[in-house]
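The values are calculated or read from the model by the stated rules, or taken from the named source; none is laboratory data. Given the structure is predicted, the values throughout are model-derived calculations rather than measurements. For neighbour counting, all protein chains shown are included, and Cβ atoms are generated from backbone atoms with ideal geometry for every residue, glycine included.
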Amino acid sequence: MAKKEKTEDKAQEKGKKGGSKLLLIIIILLVLIIAGGAAGFFLLYSAPSDEEVAKEIQKDEAPVVATNSEPQIGVTVELKPFIVNLADPKASHFLKATITLEVKDDKAKDLTDKMLPKIRNDILLLLSSQTLEDVISIEGKVRLRDEIMARVSRIIGQGRLLNVYFSQFVVQ
């Protein structure tokens with residue numbers, strides 16, 4: 001009988017040790033989960049929001065406003081029409097766009113004429129990478145115009161390109 005009591009005592013001690021190990025593991029897991037949640041919270045809410053980042057980008061890319069009251073009228077360079085396949089995987093759509101660039105002066109026009117193959121290449125690659133959903137809305141066309149302005153400005157230099165105009169824009 002003494003042996004039975006000893007084995008029962010040992011079994012209870014093992015049960016207590018196993019239970020205390022399980023309790024310790026659960027507590028450690030809870031602490032890790034809480035710490036991870038807190039870290040995630042601080043990372044998500046301490047970083048600037050997408051709206052704040054977009055405002056900063058717009059502030060950096062804002063066009064320089066002329067100080068005189070007369071609007072600046074530049075020299076126009078009309079590009080040959082672009083006809084491209086849109087990047088729609090589901091259907092075959094085409095885009096025909098005729099674009100006119102307004103540059104600052106005759107010197108900028110001469111530079112634009114010299115760089116015309118590179119300008120056409122960049123615009124062609126940009127247009128053919130668009131989908132129907134990208135270009136069908138007004139916002140999409142404005143975004144596309146802004147991207148064309150950015151690419152052409154990189155080619156001919158900042159401040160030389162005043163505006164980009166779509167004189168024809170047909171999607172089929």
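Some notes on this structure:
- Any hit, segment 108-129, residues being within 15 Å of Val75 (Cβ to Cβ) and without any contact (Cβ under 8 Å) to a residue 24 or more places away in the chain: yes
- Residue check for Ala91: over 22 Å from the mean Cα position of the chain (by Cα), small (Gly, Ala, Ser) and not in a strand (DSSP E or B): yes
- Scan of segment 86-97 for residues that are under 19 Å from Tyr165 (Cβ atoms) and surrounded by fewer than 16 Cβ atoms within 10 Å (Cβ to Cβ), ordered by number: Lys96
- Condition met for Ile57 (of a type in the set (A, V, I, L, M), under 30 Å from Gly159 (Cβ atoms) and at pLDDT below 90): yes
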